[in-house]
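Visitor: If you scroll down you'll find the structure; I have some questions about it.
The values are calculated or read from the model by the stated rules, or taken from the named source; none is laboratory data. Because the structure is a prediction, the values reported are computed rather than measured. Here the Cβ is made from the backbone with ideal geometry for all residues, glycine too, and neighbour counts use every protein chain on show. In case anyone asks, the SASA skips ligands and DNA or RNA and just uses the protein heavy atoms, side chains included. Shrake-Rupley method; radii C 1.70, N 1.55, O 1.52, S 1.80 Å.
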Amino acid sequence: MLKTPVITLDMLINHQDVGSCAYFDVRDPGRLTDLVGRVASGSVDHVHQAVLGAHQAFQIWKRTPVSERVQRLLAAADGMEKIADELSVTLVREQGMLLKETQRDVKNGIRALREMAGLAEDFLRPERFEDDEAIVRIEKTPRGVVAAIVPWNAPMGLAMGKVGPALVSGNTIVVKPSEYAPLAVSMALKVLASFFPAGTINVIHGQADVGSALTRHPLVRKISFTGGTTTGKAVMAAAAETIKNISLELGGNDPAIILDDADPAIVVPELIKGIFPRSGQVCYAIKRVYVPRKLTSAIFDAIVSAVDQYKIGYGLDPRANFAPMNNRHQYTIVRGLIERSRQAGASVHALGTKLEPDNWDNGFYVQPTVVMGLPPDAELVVSEQFGPVIPLVTYDTPEEVLELANATEFGLASSIWTNDPERGLAMASEIEAGITFVNSHGRTALGDKHMPFGGVKQSGIGRVRTAIGLAEYIEHHAISMKKVTNGDRL
Ligand code: NDP
């Protein structure tokens with residue numbers, strides 16, 4: 001069999017590939033013995049070079065007409081689309097997802113760029129007010145250098161969800177991908193960067209010290225961070241030193257509430273699509289399911305029988321429809337949660353078929369697991385598992401389940417499942433979350449375009465997508481001019 005060459009990746013600063021004295025390894029989460037890439041590990045000095053380059057580029061980019069920014073962004077999106085196949089395969093090999101999932105992530109990234117390009121001209125037009133004595137103009141100006149910090153679980157969609165709005169509104173950007181999935185996203189960013197002036201897009205790599213230096217740099221004016229809540233708190237503290245604007249997209253413990261009028265045969269096929277894609281490593285995936293007592297066995301049986309059909313295997317194996325987890329840290333957390341649930345006396349059901357049992361321990365493979373019989377305050381119910389294990393919790397009354405759903409410091413997504421649309425909408429309004437779905441759990445074509453995405457409480461600050469998301473990247477500059485002669489323009 002032909003061996004795929006190991007990818008060597010440098011940083012990108014001012015259109016230059018910048019190496020380092022140290023490189024870190026990227027291994028395939030589904031074939032740990034395979035080395036996929038070696039990535040330049042940056043230093044605090046590299047962070048400074050990248051931010052300085054972005055700051056210098058900002059002086060020109062902010063004066064570039066919006067129409068030109070839009071054209072460049074659209075051309076860049078086309079450029080990324082040309083290498084979509086290569087990006088998707090590389091992403092499987094470094095990140096572990098199924099090919100169809102990485103293809104979707106790449107598509108989401110391209111779409112995020114195009115959507116922001118489509119919104120920019122209207123959104124960025126200044127507002128203007130006038131009376132006999134004065135004219136007021138409110139300009140939407142860029143903030144400056146944006147630091148974009150991206151996790152490993154959906155690096156394309158998440159990175160481009162920052163690059164698109166940042167650039168089209170006139171900011172420049174320094175991106176730091178996760179050390180657990182740095183390759184494909186950096187390859188995409190390098191292609192995108194070639195459509196913009198030097199320094200507009202920069203990419204640095206490294207461990208937490210590099211991320212931390214980026215969030216502290218005085219020339220960075222905005223931080224757009226996606227990742228865990230604990231890291232988010234460190235980012236927020238770092239931003240406070242120089243009062244940087246922040247957007248935080250953090251973790252969640254998203255509840256799905258099944259109401260007692262729901263039909264298990266209709267609900268369950270949709271429900272599991274909200275739980276198990278990308279092996280549960282989705283920020284807005286269902287993390288706990290509340291089931292009314294009278295439907296508990298029917299829902300449980302239907303979930304078990306559907307999930308038992310999954311074929312667990314390597315992301316590039318066309319037979320597989322369930323892939324490994326991304327990294328040892330998360331894998332250890334999830335296995336620990338499963339083990340402690342078992343020790344606590346819960347009934348734990350590891351499901352699906354192992355396609356390559358001999359390769360099982362050569363990757364971060366975990367069977368999709370359904371857990372029954374835990375109390376509402378069990379560790380697996382109240383924490384963000386971020387992996388393929390789901391607890392089913394029985395409840396008795398709507399009041400009780402609402403209280404349980406909201407009894408958390410998280411508030412990202414959530415869903416209500418019912419045959420009664422009025423009941424579903426009424427309960428949706430009572431949930432403390434940035435997003436609530438009724439009878440689905442995931443973004444729809446309509447929702448993608450119209451739903452701002454983000455969390456409340458400790459799940460984050462700010463929104464991505466739509467004009468609400470674009471607004472995160474601008475300042476409002478209010479200019480008032482007293483008229484001295486008729487016909488003054490502003
Ligand atoms: P982490 O918080 O561990 O890391 C996120 C990013 O922050 C990585 O690039 C990481 O770099 C970097 N980083 C680590 N320490 C620091 C620091 N002190 N200062 C600045 N940057 C730092 O999250 P994961 O990558 O493990 O991602 C999983 C988490 O992300 C889950 O909690 C998930 O819910 C959340 N998430 C939220 C989303 C949302 O939209 N709300 C979407 C997707 C994920 P490195 O990896 O190199 O250490």
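Visitor: Determine whether segment 147-155 contains at least one residue that is without any contact (Cβ under 8 Å) to a residue 60 or more places away in the chain and more than 7 Å from the ligand (Cβ to nearest atom).
Guide: no
Visitor: Output the number of the condition that L446 fails; it satisfies all remaining conditions of (1) at positive phi; (2) at pLDDT below 95.
Guide: Status for L446: all satisfied but (1).
Visitor: Of the residues T8, T4, which is closer than 20 Å to S194 by Cα and open to solvent by 50 Å² or more (accessible area, probe 1.4 Å)?
Guide: T8
Visitor: Hey, could you check segment 217-233 for residues that are more than 7 Å from the ligand (Cβ to nearest atom) and within 21 Å of E475 (Cβ to Cβ) and say which is surrounded by the fewest Cβ atoms within 10 Å (Cβ to Cβ)?
Guide: P218
Visitor: Next up: Name the single residue that is most open to solvent (accessible area, probe 1.4 Å) among those in segment 301-325 being aliphatic (A, V, I, L, M) and under 20 Å from N359 (Cα atoms).
Guide: Taking the candidates together, the pick is L316.
Visitor: Looking at segment 326-338 only, could you name the residues that are surrounded by 19 or more Cβ atoms within 10 Å (Cβ to Cβ) and in a helix (DSSP H, G or I)?
Guide: Q330, Y331, V334, L337, I338
Visitor: If you don't mind, another one. Any residue in segment 283-298 that is over 27 Å from G455 (Cα atoms) and open to solvent by less than 10 Å² (accessible area, probe 1.4 Å)?
Guide: Looking for residues that are over 27 Å from G455 (Cα atoms) and open to solvent by less than 10 Å² (accessible area, probe 1.4 Å), one finds none in segment 283-298, hence no.
Visitor: State whether one or more residues within segment 316-329 are modelled with pLDDT of 95 or more, away from the ligand (no atom under 16 Å from the Cβ), in contact with a Gly (Cβ under 9 Å, 6 or more places away or on another chain) and of a type in the set (D, E).
Guide: Taking every residue of segment 316-329 in turn, at least one turns out to be modelled with pLDDT of 95 or more, away from the ligand (no atom under 16 Å from the Cβ), in contact with a Gly (Cβ under 9 Å, 6 or more places away or on another chain) and of a type in the set (D, E).
Visitor: When residues of segment 171-185 are filtered for being part of a loop (DSSP other than H, G, I, E, B) and crowded, with 24+ Cβ neighbours inside 10 Å, how many remain?
Guide: Result for segment 171-185: 4.
Visitor: Which ranges mark the strands (runs of 3 or more DSSP E) fully within segment 58-158 that have 2 or more residues being crowded, with 21+ Cβ neighbours inside 10 Å?
Guide: Values: elements: 127-130, 134-142, 145-149.
The qualifying strands (runs of 3 or more DSSP E) are 145-149.
Visitor: Kindly establish whether A166 is surrounded by 24 or more Cβ atoms within 10 Å (Cβ to Cβ), assigned by TED's automatic domain parsing to the domain that holds Q49, modelled with pLDDT of 95 or more and farther than 22 Å from A120 by Cα.
Guide: Numbers: surrounded by 24 or more Cβ atoms within 10 Å (Cβ to Cβ): yes; assigned by TED's automatic domain parsing to the domain that holds Q49: yes; modelled with pLDDT of 95 or more: yes; farther than 22 Å from A120 by Cα: no.
Here the answer is no, as A166 does not meet what is asked.
Visitor: For the structure I just gave you, tell me whether V371 is farther than 25 Å from G228 by Cα and either in a strand (DSSP E or B) or free of Cβ contacts under 8 Å to residues at least 24 places away in the same chain (or both).
Guide: no
Visitor: Could you go through segment 357-372 and let me know if any residue there is within 16 Å of the ligand (Cβ to nearest atom) and closer than 16 Å to N253 by Cβ.
Guide: No: segment 357-372 contains no residue that is within 16 Å of the ligand (Cβ to nearest atom) and closer than 16 Å to N253 by Cβ.
Visitor: Got a sec? Which of K244, K273 is away from the ligand (no atom under 16 Å from the Cβ) and either assigned by TED's automatic domain parsing to the domain that holds H441 or buried (at least 22 other Cβ atoms within 10 Å of the Cβ) (or both)?
Guide: Being away from the ligand (no atom under 16 Å from the Cβ) and either assigned by TED's automatic domain parsing to the domain that holds H441 or buried (at least 22 other Cβ atoms within 10 Å of the Cβ) (or both) holds for just one of K244, K273, which is K273.
Visitor: While we're here: Examine segment 20-41 for a residue that is open to solvent by 80 Å² or more (accessible area, probe 1.4 Å) and part of a helix (DSSP H, G or I), and state whether such a residue exists.
Guide: So far as segment 20-41 goes, no, none of its residues is open to solvent by 80 Å² or more (accessible area, probe 1.4 Å) and part of a helix (DSSP H, G or I).
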